[in-house]
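S.K.: After the structure tokens below, expect a handful of questions from me.
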Amino acid sequence: MSIGSHKYKDESWDFRASDTKEYTHCFHAYPAMMIPQIARKLLNLYGSEGEWILDPYCGTGTSLVEASLFGMHSVGCDINPLVRLIATAKVTPIALKTLDSELNKINDTLFEIEFGTAKLPDAPIPDIPNLDYWFSHEVKKNLAYILTQINQVENQAVRNFMTVAFSETVREASYTRTSTFKLHRIPAEKLETFDPDVFGIIRKKLNRNKQGLTTYLEKRKDVETFICDANTVAGEQPMPRPLGGYNLVITSPPYGDSQTTVAYGQFSRLSAEWLGLPNARKIDKLAMGGFPNKDMLKNSPISSVVKKIHSIDEKRAREVNSFYIDLGQSIDSVANMLSPRSTICYVVGNRRVKDVLLPTDEFVAYAFGKHGFSHKETIIRNIPNKRMPKKNSPSNIAGKTSSTMNEENIVICQRTDQTCP
């Protein structure tokens, strides 16, 4: 499917001066998050109140939050249990009186230890491999105590709310470099002076998140939101599935296999391990392209560039090929859940591998075209405020880098009764 004449750049989609952390979007940092303004604008263009939207790679729930503000029911899925927890907390209404009561309890408890006479009680520290490599003894004790207090909260929604703040605190209190998504320890010379205020960090997170929740509750519509672990690559269907199918998809799939592109799993691993979540060390392997696929894509917009990469690096070509096979299988699953009159909006990045540009936008249009969708347009936007690696090393030669993604593409395809198979 050719998309040339329907592809154009529009800087009004850059949202350079916009607040991307309003409402519950402030809850938790995460790599390559779709900014809410994109989902909001797409909802205004293609959404209808009372209908259903699907996000098959929902991450921390940007599109789900925006759908609930707009007035659409939504279903999101993701294979990463940590982001499902974050997304659930972001879209779940909580009575502020109940939240305040529990926040006052935990703040009073922390205050007594910090500024009173109470000593820090012993709390069980999880048995995590290499825990001492990432956390000081004092930090481990503080985190363990906070987690024990959170786990005693009976209200599930409030406990989720606090756990999300704890998750972010874990990463900030660790020896992890905050400048990268991958797990890299801070330099040895900084270890001795690294002394994070664990109680202070989580207090700030809880206060910030409460403010975000308060503004969210003021505008949230009376809609249903569901989050599940369905893996569309494997053909699993998110539930519930509305009668007649979903009318709209707004999503941002991974930019490539997580082991070589954006390390979602590495970013979330320490928090996931503290929380005892499953597959904490396997997320990147379980994600799209994580397992090599011997089949080769043929007659797709990706086929020729994979061959070009193959001439440079056979291993990287296989990894790229495996990712697009998985993406294509996921799109097959998604297309089968959509209504005869539906719109899909995929926000994708055309990354470079071995300095070869991968036309992911064209692949998405091609894959949906096989299911009766017509390409409407592809909007190119600059990435001024998305946490992304902007450069990589295509040759693995020290100091030699190449730009990866400074732009992303919003691919919009539509199905009508006339084109639906």
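The values are calculated or read from the model by the stated rules, or taken from the named source; none is laboratory data. This structure is a prediction, so every number in the text was calculated from the model and none was measured. Glycine gets a Cβ as well: all are built from the backbone with ideal geometry, and neighbour counts include every protein chain shown. Calculation scope for accessible area: heavy atoms of the full protein, side chains included, ligands and nucleic acids excluded. Shrake-Rupley method; radii C 1.70, N 1.55, O 1.52, S 1.80 Å.
S.K.: Just the residues that are closer than 24 Å to residue 277 by Cβ and basic (Lys, Arg), please, taken from region 85-114.
M.R.: The answer is 90, and nothing else.
S.K.: Could you list, in sequence order, the residues of region 6-50 that are among the acidic types (Asp, Glu) and open to solvent by 60 Å² or more (accessible area, probe 1.4 Å)?
M.R.: If the condition is that a residue be among the acidic types (Asp, Glu) and open to solvent by 60 Å² or more (accessible area, probe 1.4 Å), then 11, 19, 49 are the ones that fit.
S.K.: Let me ask something else. Could you list, in sequence order, all residues of region 109-157 that are within 28 Å of residue 93 (Cβ to Cβ), open to solvent by 20 Å² or more (accessible area, probe 1.4 Å), in a loop (DSSP other than H, G, I, E, B) and not acidic (Asp, Glu)?
M.R.: Listed by number, the residues that qualify are 152, 155.
S.K.: How many residues, within region 73-116, are hydrophobic (A, V, I, L, M, F, W, C) and under 16 Å from the mean Cα position of the chain (by Cα)?
M.R.: Result for region 73-116: 10.
S.K.: Then there's this: Out of the residues in region 158-202 meeting the condition of being of a type in the set (A, V, I, L, M, F, W, C) and not in a helix (DSSP H, G or I), tell me which one is nearest to the chain's Cα centre (by Cα).
M.R.: Restricting to residues being of a type in the set (A, V, I, L, M, F, W, C) and not in a helix (DSSP H, G or I), the top hit is 181.
S.K.: Being more than 25 Å from residue 33 (Cβ to Cβ) and of a type outside the set (Val, Ile, Thr) is true for just one of 272, 317. Which residue is that?
M.R.: The unique qualifying residue is 317.
S.K.: Sticking with this one: Kindly list, by first and then second residue, each pair from a residue in region 244-263 that is closer than 15 Å to residue 335 by Cβ and in contact (Cβ under 8 Å) with a residue 60 or more places away in the chain to a residue that is assigned to a strand (DSSP E or B) and small (Gly, Ala, Ser), limited to pairs with Cβ atoms under 7 Å and residues at least 6 apart or on different chains.
M.R.: The qualifying pairs are 244/339; 245/339; 245/342; 246/339; 246/342; 247/339; 247/342; 248/342.
S.K.: Which condition number does residue 206 fail, the rest of (1) open to solvent by 50 Å² or more (accessible area, probe 1.4 Å); (2) part of a helix (DSSP H, G or I); (3) among the hydrophobic types (A, V, I, L, M, F, W, C) being met?
M.R.: (1)
S.K.: Still on this structure, I have one more. Take the residues of region 310-338 that are among the hydroxyl-bearing types (Ser, Thr, Tyr) and out of contact with any Pro (no Cβ under 8 Å at 6 or more places or on another chain): which is least open to solvent (accessible area, probe 1.4 Å)?
M.R.: 324
S.K.: Among the residues of region 243-281, write down those that are open to solvent by 10 Å² or more (accessible area, probe 1.4 Å), out of contact with any Ser or Thr (no Cβ under 9 Å at 6 or more places or on another chain) and not in a helix (DSSP H, G or I).
M.R.: Once the filter is applied, which keeps residues that are open to solvent by 10 Å² or more (accessible area, probe 1.4 Å), out of contact with any Ser or Thr (no Cβ under 9 Å at 6 or more places or on another chain) and not in a helix (DSSP H, G or I), region 243-281 yields 243, 259, 260, 276, 278, 279, 281.
S.K.: Filter region 213-242 down to residues that are of a type outside the set (A, V, I, L, M), assigned to a helix (DSSP H, G or I) and surrounded by fewer than 19 Cβ atoms within 10 Å (Cβ to Cβ), then give me how many there are.
M.R.: The total comes to 4.
S.K.: Counting just the residues of region 282-309 that are touching a residue at least 40 places away in the same chain (Cβ under 8 Å) and in a helix (DSSP H, G or I), which one comes out most open to solvent (accessible area, probe 1.4 Å)?
M.R.: Here the answer is 308.
S.K.: Applying the selection to region 341-355, what residues are over 22 Å from residue 39 (Cα atoms) and open to solvent by 10 Å² or more (accessible area, probe 1.4 Å)?
M.R.: Within region 341-355, 352, 354, 355 meet the criteria.
S.K.: Then there's this: Take the residues of region 53-101 that are surrounded by fewer than 24 Cβ atoms within 10 Å (Cβ to Cβ) and basic (Lys, Arg): which is nearest to residue 333 (Cα to Cα)?
M.R.: That would be 84.
S.K.: Among the candidates 32, 39, single out the residue that is of a type in the set (A, V, I, L, M, F, W, C) and part of a loop (DSSP other than H, G, I, E, B).
M.R.: Answer to the check: 32.
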